[in-house]
Each structure stands twice: as C-alpha cells, then as structure tokens.
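None of the figures in this text is laboratory data; all of them are computed from the coordinates on show. Fair warning: this is a prediction, and the values are worked out from it, not measured in the lab. Backbone-built Cβ (ideal geometry, glycine too); neighbour counts: all protein chains shown.
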Amino acid sequence: MSDYVIETEQLSRSFGRKRALNALSLRVPRGRIHAIVGANGAGKSTLFRVLLGFLPPSDGASRVLGRDSQALTPEHRGRIGFVNEEHTLPGWMSAEAVTAMQRRHYPRWNEAMYRHVLGHYHVLPHQKISQLSRGERAGLNLALALAQSPELLILDEPTLGLDVVAKRAFLQALLDSNATEHCTVIYCSHQMEEIERLADNLIILERGELRHMSSPEDFCERIRHWVADIPFRAPDQADVPGLLLAQKIDQLYHYTVLDQAEDFGAFLRAQGARYVQSMPVSLDSAVNGFLAKNHIAPAA
C-alpha cells in the first residue's frame, strides 16, 4: 500500500493553447484533511478530473490509491468518494430510492454512518431529489459518499451556493462523522474560514503548478502584515524584501510580506517611516497576499 493517496509526476493537461496543469508534481499523504486552494483557473477541477480518470493527461502521470488514474477499476472507484458543487443526483428519484441504489453498489456500505450524517438534515425518505433544497442535496450527497466507506473522499467546492445555515450544517456533519478516522479527505474551497476550521494540510495551486504545501498554521506564520506612516516617498516595490502585496490606505502604507522577521520594521524606519506596526494575518489574507504577489492595489 502506498503512503500517498494522490501522486502526480510532471502532470500536464492542455486545452488548446491553454495549459490547465503545468508539470505538476504532488504527493498527498494518507490521513487527515488536505485543503487545495487557488484562484479560478488554478487547475483544481482539471486535476480532479484527471485523477478520477475522466480526462487523460497531455503529459506526465498520476496515481490514486497506488493505481494509475487512467486505469481505475470499479473496485478502485468504489474506494473513492466524490462530492462536487452541483450535488448532482437524479431529480426524478426519491431519496430512499437513491440510497437503496447506492447500498447495492458499495459492498462496504456503512448504514450507521449514513444515518448519522443525514441526521443533520430534514430529508424524508419519500421526498424526490428535485424537492430537496440545495443544502439538503449537499447533506444527502455527503451521507452517501461517507457511507460507502471510502479510503479517499474528494470534496470539490461542496458548500458553494449554500446559505450560512446550510454551510454550517454541512461542516458540522463532516466533523461529527470523524471522517479522517476512516479515510483521507481532499477539500477544495474558496472559503478560507472553512479551510481554517477543517484543514490539517494546505496545498496552494497557481496556474496549474504547486506553489506551497504545509499546515495552515505554518503558512500563516511565514506571512506578516505591516503598517507604516511614511511621510515622504515610499520605497520602490522592487526594493521591499519579501513583498507580496502593497496598498496605500488613508495615507498609511500596508505591506504584506513573506519570510520577514522583525528587522523588516528597521527597513521601514530606514525608509523614513515615523510609525511602524506589525500584525499577524488570517489565512484568508495570507492566501490572497500570496496569490497576489507583486501586485499593487489601488489606494482606497
């Protein structure tokens, strides 16, 4: 058995002139919750489609649960759970009929897990899928995916379009399921508050390439936000060490920097700053700053 649930080696996928994945080499170890984040067009959805065998790569290779993703057997697919943002289920079927169909297909079906997760939602057995709210469909999808007892569970923007109550119910159902005791979870989302609450490992993709992988806590420790009152000319961007993002707001200069210790304050004072303050950043600010590297936003 491989120590990694996902392995890619120089994996590339192009659509005409556009390269969605660019020589991506990635290894995701077994266990816990791994969050994949990135701006739109970073290649996340393309990566999942290649990993699940829905798309062939243009170059390179990928393996899922130790097997070539382009040669997944029904037995291997049964070990992978997948919930996407559309929560696609046959609308004409009842919740009970869909569940019965899933029970027949998955020999490791866990009825207790199914009932536990679905207990977070008011889904009646006779209700047709088309009658369920988006949040209820999301909950039913999660219950079905976890009940199949997967070794790998991929959640691709599962709370997109859900209201606050439905999002909270989905996350609580996932946490209460103790999913990581049974499988490895890959969680893809643009919602950083969800990533902060769930993820043990943070994977950042940008333009189809791996840019960073560590725990969210370690990532945030590397990034710092500084505020400075510089009465005269501010330093050129190229001269600011570790610069990720610079803004001027209400006559104060705001710098988000990477891997800069307290001596960054001394740098700002040497540039004529009369006032300097350093503060930690949230995961949302850290990721946005990292992805906005060398971008100067307009003054507010």
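The table that follows gives values for the structure above.
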read-out: Gain upon complete extension [residue 10, residue 165; 0.36 nm per residue less C-alpha separation]; value: 51.7 nm
read-out: Cβ-Cβ FRET estimate between residue 248 and residue 181, R0 fixed at 51 Å, reported to 0.05; value: 0.55
read-out: Gained length - residue 237 relative to residue 112, 0.36 nm times residue gap less alpha-carbon distance; value: 39.3 nm
read-out: Over region 223-296, volume per residue of the alpha carbon convex hull, in Å³; value: 80 Å³
read-out: Around residue 282: net Lys/Arg minus Asp/Glu count, Cβ-Cβ under 9 Å; value: -3
read-out: Computed [θ] at 222 nm, deg cm²/dmol, the chain (DSSP H ≥ 4; -39,500 (n - 2.57); rounded to nearest 500); value: -8000 deg cm²/dmol
read-out: At R0 = 22 Å, FRET efficiency that the Cβ-Cβ distance of residue 122 and residue 101 yields, to 0.05; value: 0.50
read-out: Check: region 223-296 dipole with +1 on Lys, Arg Cβ and -1 on Asp, Glu Cβ, in debye; value: 140 debye
read-out: Quarter of Cα convex hull surface for the chain, i.e. mean projection, nm²; value: 18.0 nm²
read-out: All aspartates and glutamates inside 19 Å of residue 18 as judged from Cα atoms, apart from same-chain residues fewer than 8 positions distant; value: 59, 206, 209
read-out: 28 Å Cα-Cα reach of residue 248 towards lysines, excluding residues that sit fewer than 8 places from it in its own chain; value: 293
read-out: Proximal aspartates and glutamates to residue 167, defined as alpha-carbon separation beneath 15 angstrom and excluding residues fewer than eight positions away on the same chain; value: 85, 86, 136, 156, 157, 176, 193, 194, 196
read-out: Net length gained if the chain between residue 30 and residue 58 were fully extended (0.36 nm per residue, minus Cα distance); value: 7.4 nm
